[in-house]
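Read-outs throughout are calculated quantities, based only on the coordinates presented, and are distinct from any laboratory measurement. Just so we're clear, the structure is a prediction, and the values are computed from it rather than from any experiment. Every residue, glycine among them, receives a Cβ derived from its backbone with ideal geometry; neighbour counts consider all protein chains shown.
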Amino acid sequence: MTITLTQLSEILGVSRSTISRVLNRPELVKTQTRERVLRGLKEHNYVYNALAGGLTKKRTSTLGVMLPTITNPVFALSTKGAQEVAGERGYSILLGSHDYSGETEAELVRLFQEKRVDGIIFNGYPIKQETVEYLNRFQISYLVTWEKPEDPDIPFVAFDNVRSGFNVTNYLLGLGHRRIGMITAYFKSSTRSYKRYLGFREALERMNVPYDDSLVIQKDYTVMEGREAAARLVAMPEPPTALVCGNDLLAMGAMAAVKEAGFIVGKDISITGFDDLEMSSILDPPLTTVRIPAFQMGKKAAEVLI
């Protein structure tokens, strides 16, 4: 038997607006009340349907795609892969970008739920565990790309970020570099960046190269942030001879800073990127970068969910 919002509010002893706030803006509701409402929602299997306003679960032929940012072309490439499969199968795609904010990500998940998407593709593991719990509580189908979740029950389409970080660092070590810096995203908002960092550390340890924490800088994934970070590193009394950058945008900024400081990229300081963006091949010199199968991941993710 279905239950209406009015009936549920009477059972729980709260107003309809309170239930709505719990679904849409839970941070505005007192913890005790929020938890009581969530228990009631789960007990009565109530899910708000912004399209139909009812409980009957119908497929909408819509997928939600959660992006960490819209400024990095690599995520456009993975979305294109998902869109290709979705279009072939009569599906539409809703896009959301949280800009590495856990709060924004949670709000977008609730919006996707209201729009009754048939599943959500996350480009990267959800930032907050509360979001994962929300997805599971309301039985929202989802899949993680770009990294393998720690929970074996969560489906994923990904590659080994630790191994990738290890390989690119090992490549530089093989060229004879021993003082290697790293410019990466903030670990708190990007677990895949932290995993690449672990690979970076592992490669250094295997070659008995001392780790220097001052050579690792966490920044936002932008060209200007890469430029600022690299400028700090090359200004050190003993600058690094190589830089491992968390993506191609950071690497592009790093190349600019290295040149501005009077160094020659590739001769004085080697720089590596991550993503293999199309523009990387026309830089001067061309950027050495780790190729990511972004388009293929997007396609496979959509195939799995649909």
Exposure proxy ranking, count of Cβ atoms within 10 Å, fewest first, for HIS44, HIS177, HIS98 | HIS44, HIS177, HIS98
Arrange THR6, THR184 by Cβ neighbour counts within 10 Å, fewest through most, would you?
-> THR6, THR184
Of (1) 22.6, 73; (2) 19.4, 70; (3) 19.9, 65, which one was derived for Rg and Dmax of the Cα atoms in Å from the structure shown?
-> (1)
Mind jotting down the distance between the C-alpha centroids of the range 269-306 and the range 200-247, whole Å?
-> 20 Å
Setting aside same-chain residues fewer than 8 positions from LYS30, which lysines have a Cα under 21 Å from its Cα?
-> LYS42, LYS128
Most exposed first, judged by fewest Cβ atoms within 10 angstrom, MET207, MET66 run MET207, MET66
Quote the FRET efficiency, to the nearest 0.05, computed for ASP212 versus GLU260 with a Förster distance R0 of 25 Å and r equal to the Cβ-Cβ distance.
-> 0.60
With a point put 7 Å past each Cα toward its Cβ, work out how far SER281 is from ARG59 in nm, to one decimal.
-> 3.8 nm
In terms of the ratio Rg/(2.2 N^0.38 Å) built on C-alpha atoms, what value belongs to the range 151-296?
-> 0.99
For the chain, list the DSSP H helices whose alpha carbon atoms reach 30 Å or more along the long axis and whose average Kyte-Doolittle value is 1.6 or above?
-> none
Divide by every residue of the chain the summed helix terms, -39500 (n - 2.57) for each DSSP H run of at least 4, and state the resulting mean residue ellipticity at 222 nm, rounded to the nearest 500 deg cm²/dmol.
-> -14000 deg cm²/dmol
